[in-house]
Amino acid sequence: MVKTALVVVVVALVLMAPTAAFAQVTDAQKTAFIELLKKLPTKGEFYTDEAVTKAEPHLPVLFALTETDLAGLDIYPFGALSRGLADRPTAQRYAVQHFGDIRHPELKLLWASMLFDERRASADIVRFLRAALESEPQAKLLAEMTGPNFARLKKRIVNAANPPADIIDRLIAAEAERLRGAEFEEVRVVKRTGLTDPGSIAVVVLYTIEGMDGGNGYIQFLVAFVNGARGLRPTRPVSAGGKLFRAAELVEVQGYTIALKTKGYAKTDAACCPSVEGATSYRLTDGKLVEVGGSGRRQR
């Protein structure tokens, strides 16, 4: 009778897609998955493609497993299966969306490192890894998981969470020299997204160059640093504000869109003091920042 019930649960699991999340994973479903794992074909230390295909619909159950569920069991097979699943785009997407559902701490750390290595990590995953590096036990475990690649991985995680300031400094210094002006450093605004997937915005900077050619004007520039295969690359800076144009304030970054508050010039406003409140946004398009809606120019 028990055997029959177990078979029924296994069949039910096989029919489920990984995106069909369980309202609540039951103990019976966990037991069925663990039994299924024992029967999946392997090749050396890892599972075959056939095994990974059969296991992929069960990601919700894998993520729901706790330390109590795996007490007395070797965690290696669960990690080996995770390794195979992490190479598949559908499993990657599910893992990013449901990263918070991973209950077992070692499996969670493993999935975080694999998603980051595949450049699929969300901002939450990057923050999780950054916190893990600051914990001696977690950092040690991560080093054991990644072996000789740990130093490189650690550097990438730190840079993703806090991209090197010298990259920003060098770009602004070059722009200031080109314009024959100087940066007003006190008003520089930097927003980091924590994203690492290729083509995504990692950092946005709003900075001000003043005194061009010895004058008293200023221009506010907006630049985004985009994740690429060889690290961060900046977009071409665009003029987002300036004297007799508008004042710009960097508000937030959502995906490929950057939102700003603005103050434009009324007909009677002095050059120092624009007063007309507005808003605008820029979108990363084909590697460039393009203004997609705005206000705050001088009224005529």
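Residues that are acidic (Asp, Glu) and surrounded by fewer than 11 Cβ atoms within 10 Å (Cβ to Cβ) were ranked within the stretch 123-169; the one that is nearest to residue 109 (Cα to Cα) is 144.
Considering each of 216, 227 in turn, give the residue that is on the phi < 0 side of the Ramachandran plot and in contact (Cβ under 8 Å) with a residue 60 or more places away in the chain. Outline the logic, then answer.
Numbers: 216 fails: in contact (Cβ under 8 Å) with a residue 60 or more places away in the chain.
Residue meeting the stated conditions: 227.
Within the stretch 191-212, the set of residues being out of contact with any helix residue (DSSP H, G or I) (no Cβ under 7 Å at 6 or more places or on another chain) and over 21 Å from residue 249 (Cα atoms) comprises 197, 198, 199, 200.
Quick grid of which residues meet (1) modelled with pLDDT of 95 or more; (2) of a type outside the set (A, V, I, L, M, F, W, C); (3) assigned by TED's automatic domain parsing to the domain that holds residue 92:
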| position | (1), (2), (3) |
| --- | --- |
| 16 | no, no, yes |
| 22 | no, no, yes |
| 25 | no, no, yes |
| 34 | yes, no, yes |
| 49 | yes, yes, yes |
| 55 | yes, no, yes |
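Restricting the stretch 277-300 to residues that are β-branched (Val, Ile, Thr) and at pLDDT 95 or above, which is surrounded by the most Cβ atoms within 10 Å (Cβ to Cβ)?
Among those that are β-branched (Val, Ile, Thr) and at pLDDT 95 or above, it is 280.
The set of residues from the stretch 70-105 being closer than 18 Å to residue 29 by Cβ, in contact (Cβ under 8 Å) with a residue 12 or more places away in the chain and surrounded by fewer than 19 Cβ atoms within 10 Å (Cβ to Cβ) comprises 70, 73, 77, 98, 101, 103.
The values are calculated or read from the model by the stated rules, or taken from the named source; none is laboratory data. Predicted model only: the values in this text are computed from it and were never measured. A quick note on method: Cβ atoms are made from the backbone with ideal geometry, for glycine too, and the neighbour counts reach across all protein chains shown.
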